[in-house]
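Structure record follows, encoded as structure tokens.
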Amino acid sequence: MSGIRRLRFHDLRHKAASLLLAQQIPMKAVQATLGHADMRTTMNTYSHLYPELRQEVADVMDEILNPVAPGLAPKRSGERVQ
């Protein structure tokens, strides 16, 4: 054996979409690239790939809100501010 894993064409499409999303290409652009008629198809198939995006969104919201109400943001260690 050559040690190379056998891939289907669909596997390549999935990998391409995953790599595009990892580079923060907008979901709408990935949808167009894959040829999905509806963005919901793309979102339902690929949105689970990057749960760390939720942390990134939380960090951005923290940056937005922190100057307004710095005492309300929880500590990074998971402790709540009293």
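Read-outs throughout are calculated quantities, based only on the coordinates presented, and are distinct from any laboratory measurement. Everything numeric here is computed off the predicted structure, so don't read it as measured data. As a convention, Cβ positions derive from the backbone with ideal geometry for all residues, glycine included, and neighbour counts pool all protein chains shown.
Per-residue Cβ neighbour counts within 10 Å put 25, 4 in the sequence 4, 25, beginning with the fewest. Once the chain from residue 45 to residue 13 is taken as fully extended at 0.36 nm per residue, the excess over their C-alpha distance is 10.4 nm. A full extension of the chain between residue 2 and residue 60 corresponds to an added length of 16.3 nm, given 0.36 nm per residue minus the alpha carbon distance.
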